[in-house]
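**Student:** I have a structure here, written as structure tokens, and I will follow up with some questions on it.
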Amino acid sequence: QVQLVESGGGLVQPGGSLRLSCAASGSIFRINTRAWYRQAPGKERELVAHIVGERSTNYADSVKGRFTISTGNAKNTVYLQMSNLKPEDTAVYYCHILSTTASYWGQGTQVTVSS
């Protein structure tokens, strides 16, 4: 069973930056989309950004202009560069890869934005 492993979360001050990484433990074929979701305490999980192929991206309005999703040289990697972080960005961030046959989720990484 392929697993997704996220890293890069942590505590950062408002206005700071973090880069989240997600790597699959094995090969995933026929990938449709790679995405990042987040879930804040007491709220539903929401889509932050997704990428189709290597360049077609879409972002939640709340993160446009501040976050950038990208893929790595290895096809089963995905990154989320987060800049100008705000306290409302505090959440557990989850990596997601959707293929034609399966849906894969990471275990989540905590991002806390606080002074």
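The values are calculated or read from the model by the stated rules, or taken from the named source; none is laboratory data. Fair warning: this is a prediction, and the values are worked out from it, not measured in the lab. Virtual Cβ from ideal backbone geometry, glycine too; neighbours counted across all protein chains shown. Quick note on the areas: whole protein, heavy atoms, side chains included, nothing else; ligands and nucleic acids left out. Shrake-Rupley method; radii C 1.70, N 1.55, O 1.52, S 1.80 Å.
**Student:** Tell me, what % of the accessible area of the chain is carbon and sulfur with a 1.4 angstrom probe?
**Tutor:** On the way: 2910 of 6330 Å².
Answer for the chain: carbon and sulfur cover 46 percent of the accessible area.
**Student:** Within the stretch 40-115, report the GluC sites (Glu not before Pro) that DSSP leaves as loop and that have at most 12 other Cβ atoms within 10 Å. Provide the component values of the computation, followed by the final result.
**Tutor:** Values: sites: Glu44, Glu46, Glu54, Glu88; in loops: Glu44, Glu54.
Qualifying residues, ordered by number: Glu44, Glu54.
**Student:** Also, I was wondering about something else. I need the semi-axes of the equivalent ellipsoid of the chain: take the C-alpha gyration tensor, multiply each eigenvalue by 5, square-root it, list largest first in whole angstrom. Please report the intermediate quantities before stating the final value.
**Tutor:** Details: eigenvalues 109, 40, 32 Å².
So the three semi-axes of the chain are 23, 14, 13 Å.
**Student:** From Cα pairs below 8 angstrom and at least 6 apart in sequence, can you work out the relative contact order of the stretch 1-48, rounded to a whole percent? All intermediate terms of the calculation are to be shown ahead of the outcome.
**Tutor:** On the way: 45 pairs, mean separation 14.6, N = 48.
Relative contact order comes out at 30 percent.
**Student:** Enter the accessible area per residue of the stretch 57-115 (Å², integer; probe 1.4 Å; all protein chains in place).
**Tutor:** Numbers: 2850 Å² over 59 residues.
Result: 48 Å² per residue.
**Student:** Using Cα pairs closer than 8 Å and at least 6 residues apart in sequence, work out the relative contact order for the chain, in percent. Before the final figure, lay out each step's value.
**Tutor:** On the way: 283 pairs, mean separation 42.6, N = 115.
Once normalised by length, the contact order is 37 percent.
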